[in-house]
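The numbers here are math on the coordinates, done by the rules we state, and not lab data. On a predicted model such as this, the values are computed, not experimentally measured, just so you know. Because the Cβ atoms are built from the backbone with ideal geometry, glycine has one as well, and the counts that use them run over all protein chains shown.
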Amino acid sequence: MKHFNRLSPAEAERLALLGEEMGEAQQAIGKILRHGYESRHPGGGPTNRESLEEELGHVRFSIYMMGKAHDVSFTSMLAHKANKAESVKKYLHHQTQEKEASSVPPKEW
């Protein structure tokens with residue numbers, strides 16, 4: 001009997017991984033908003049910035065897995081990324097062209 005959502009166990013697993021990693025990234029963002037990038041747990045450990053970098057890396061890997069399995073299209077995601085870059089400009093109040101130009105991401109972004 002097939003599941004009602006017609007997902008294979010592998011598809012469901014990839015989605016579960018993505019959801020989990022996105023939740024962990026959201027938690028890291030919340031800690032930064034409350035305590036700052038350079039804060040860390042009183043008992044030690046990575047800074048909040050380092051935790052966010054780790055979790056965003058995990059999200060990117062999850063997205064990569066989904067693309068390689070053809071759950072989603074890399075080409076489509078890149079097109080949506082470009083559209084968002086253009087459409088969000090009018091809503092960003094604190095981002096400057098100088099800052100964007102000084103921190104050019106690597107080619108694979």
Using +1 at the Cβ of each Lys and Arg and -1 at the Cβ of each Asp and Glu in the chain, identify which of G30, L18, A82 lies farthest towards the dipole's positive end.
-> A82
Candidates for Kirkwood radius over Cα pairs in Å are (1) 18.3; (2) 16.7; (3) 15.8, and the calculated one carries label (2)
Measuring from the longest principal axis of the C-alpha atoms of the chain, the long axis of helix 74-87 (C-alpha) lies at a number of degrees, nearest 10, equal to 40
Okay, helix-only estimate at 222 nm for the chain: each DSSP H run of n ≥ 4 adds -39500 (n - 2.57), divide by all residues, round to 500 deg cm²/dmol; what do you get?
-> -21000 deg cm²/dmol
